[in-house]
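Input: a single structure, listed below in structure tokens.
The values are calculated or read from the model by the stated rules, or taken from the named source; none is laboratory data. Since we're looking at a predicted model, the values are computed, not measured. Backbone-built Cβ (ideal geometry, glycine too); neighbour counts: all protein chains shown.
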Amino acid sequence: MTTTSNATVVVSSTTHTRFAGVRRVLPMVALAALTGCATGPHANPDDPFESYNRSMTRFNEHVDAVVLKPVATAYVDVTPTPVRTGVSNFFANLGDVWSFVNNVLQLRAEGAANSFMRVNVNTFFGLGGLLDVASELGIERSRQDFGLTLGRWGVGTGPYVVLPILGPSTLRDTVALPVDTMGNPIRYADPVSARNALYGLRIVDTRANLLRAGAVIDGAALDKYSFTRDVFLQVRQGQSSEPLFKDDSDKGGNDGILPPEPDR
């Protein structure tokens, strides 16, 4: 990746979590775009920082076009599909470790049990996570992060925020980001050179898995910004589940379970 080493360390320490979130949202965005649901810019009460967010989105798109997308495209061109699948499985297995912690914090017994079993099965029988044996055995993945844990305990998502490099987020998720960073197992890899190599590979792998969905959105969405924002907020507001303590007057849950990743 053509960037300075210092920038790599700073960006990579947080990019894993936010890129992963975008990776899960884009397939939904692409599906809606294909059905003609994209709309033009409009005022949105969940986006009081729209002017800033649009500017940051343009900056992120420029960085992506100049650095991330070319590197990801080259990675796909030169790396065999089974190898790329193994890399994605490896990082997904590490993600299950943090999902286990958050499932416990959310008092989700089934989710915690599934995450625990997935980590053990894939680590010991899947060559350190390169093979997704757990999915073959029917053990479901329950993706969680600390932002969703806060939502489980009643913290609303807050306004939409676009972060530099990291992309779509919310105020709640931005506050939770340092905790998610601390919970990333890659952070504790040693030596530092190996840690940074894993961060870099994770970024490239995540961006590579977004290439197909991103191409669909580029060609279908009339206003990519507002469309991505609306779908991202829908996912993060957790339409699929409710917080532990929910006021009857509350019309929408704060928590949720992240949808599965796109097919590779």
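For Tyr188, the test of being aromatic (Phe, Trp, Tyr) and within 27 Å of Val119 (Cα to Cα) is passed. Cβ contacts < 9 Å: first residue over 21 Å from Asn44 (Cα atoms), restricted to segment 210-234; second residue of a type in the set (Asp, Glu) and surrounded by 17 or more Cβ atoms within 10 Å (Cβ to Cβ), any location; separation 6+ or different chain. Result? From residues that are over 21 Å from Asn44 (Cα atoms), the pairs are Gly214/Asp64. Identification of helices (runs of 4 or more DSSP H) wholly contained in segment 38-119 with 1 or more residues that are in contact with a Cys (Cβ under 8 Å, 6 or more places away or on another chain) yields no element.
The one condition from (1) at pLDDT 95 or above; (2) over 26 Å from Asn120 (Cα atoms); (3) crowded, with 21+ Cβ neighbours inside 10 Å that Gly151 does not meet is (1).
Could you tell me whether any residue of segment 135-156 is in contact with a Leu (Cβ under 6 Å, 6 or more places away or on another chain) and within 24 Å of Val83 (Cβ to Cβ)? Yes: one or more hits.
Is it true that some residue in segment 186-202 is under 26 Å from His62 (Cα atoms) and charged (D, E, K, R)? Scanning segment 186-202 turns up at least one residue that is under 26 Å from His62 (Cα atoms) and charged (D, E, K, R).
Given the options Arg172, Arg141, name the one that is among the basic types (Lys, Arg), surrounded by 20 or more Cβ atoms within 10 Å (Cβ to Cβ) and in a helix (DSSP H, G or I). None of the other options fit; the residue is Arg172. Within segment 109-136, residues that are farther than 11 Å from Asn93 by Cβ have Cβ atoms under 6 Å from residues that are in a helix (DSSP H, G or I) and modelled with pLDDT of 95 or more in these pairs: Gly111/Asn103; Ala112/Phe100; Ala112/Asn103; Ala112/Val104; Phe116/Phe100; Phe125/Val133, counting only partners at least 6 apart in sequence or on another chain. Taken over segment 144-169, the criterion of being hydroxyl-bearing (Ser, Thr, Tyr) and in a loop (DSSP other than H, G, I, E, B) is satisfied by Thr157 alone.
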